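Notes follow the structure.
The values are calculated or read from the model by the stated rules, or taken from the named source; none is laboratory data. All figures in this text were calculated on a predicted structure; none of them were measured in a lab. Ideal geometry is used to build each Cβ from the backbone, glycine not excepted, and the neighbour counts take in all protein chains shown.
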Amino acid sequence: MYFDIFDNLLCAERVDAMLIIFCLLFLIAIIVFIVGLIRPCLIMRWGPEEKKTRKRMAIIGSITIIFFFACVIVSVPPMTDEQKVALQQKQQQEKEQKALADAQKKAQENQATAQKAEQEKQVSAQKVYDDQAVYDKWVPKEIERLSKKTLGSNFISVTVNDNLGDLNSDGKIVLIHFDTAGRKIFNINAEDIFKDLYSRGLPIDEITLFGEAELVDVYGKTSKRIVAKCTMPKSTASKIS
């Protein structure tokens with residue numbers, strides 16, 4: 001109701017003098033009401049002092065404000081058909097602008113949500129990549145540690161390569177060299193190293209062991225050469241209990 005009054009005033013081509021007077025009186029009544037609540041004696045200059053109270057001022061002031069407000073409502077000139085059409089057009093325009101603003105805000109929120117989801121996806125992918133990189137560095141070190149632990153002082157070296165023969169596999173090809181004093185000792189060490197490495201769940205597709213020993217040729221010259229070799233793929237190791 002209050003908005004209709006103000007819309008009428010804004011759309012009116014002229015404002016009646018009576019409406020202006022009532023509007024001024026309404027504003028004055030509000031000011032007088034406020035002042036009277038602070039200092040009743042400044043406004044209520046008649047009657048005995050004991051009746052000049054804030055309660056009495058509140059009652060009189062409220063009635064006065066309501067009266068002048070009613071006069072303002074009655075004095076507002078009715079809107080013409082042109083003004084009603086203009087007001088409807090204005091309201092429709094404001095409604096369309098609000099709908100457009102809401103749609104833009106929603107689109108921005110959706111875009112921000114999509115960007116956040118993409119960033120979280122990238123962060124997650126980067127973490128997986130970093131974790132995989134750390135794991136790939138750890139695997140050769142772990143294989144070397146286990147080989148040294150199993151073979152002890154007989155350990156010479158270990159080489160860990162990617163399985164280039166199977167591009168779909170992440171497993172490794174492990175080549176281990178160690179000292180051996182004979183076939184019996186080689187077989188014992190081979191059994192231990194196969195069992196230890198394959199039981200750890202490491203990404204190993206195949207292990208090849210090279211047993212080395214010092215040999216003396218006919219000229220009495222010594223050299224270290226491979227005297228035994230044994231290969232066991234993961235497919236075979238998984239069948240052994």
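Annotations for the structure displayed:
- One residue stands out among those in segment 60-99 that are touching a Cys at 6+ places or on another chain (Cβ under 7 Å) and in a helix (DSSP H, G or I): the one that is modelled with the lowest pLDDT, which is GLN83.
- Check on ASN168, touching a Lys or Arg at 6+ places or on another chain (Cβ under 8 Å), assigned by TED's automatic domain parsing to the domain that holds GLY211 and either over 16 Å from MET232 (Cα atoms) or crowded, with 16+ Cβ neighbours inside 10 Å (or both): no
- Residue check, GLU191 touching a strand residue (DSSP E or B) at 6+ places or on another chain (Cβ under 7 Å) and of a type in the set (D, E, K, R): no
- Pairs meeting the criteria (first residue in segment 123-145 and of a type in the set (Val, Ile, Thr), second residue assigned to a helix (DSSP H, G or I), beta carbons under 7 Å, at least 6 apart or on different chains) are ILE143/LEU197.
- Residues in segment 82-103 include none that are of a type in the set (Lys, Arg) and under 18 Å from PHE210 (Cβ atoms).
- When restricted to residues that are more than 58 Å from the chain's Cα centre (by Cα) and either modelled with pLDDT of 90 or more or closer than 22 Å to ILE240 by Cβ (or both), segment 180-226 contains 4.
- Qualifying residue in segment 85-96 (condition: surrounded by 12 or more Cβ atoms within 10 Å (Cβ to Cβ) and in contact with a helix residue (DSSP H, G or I) (Cβ under 8 Å, 6 or more places away or on another chain)): yes
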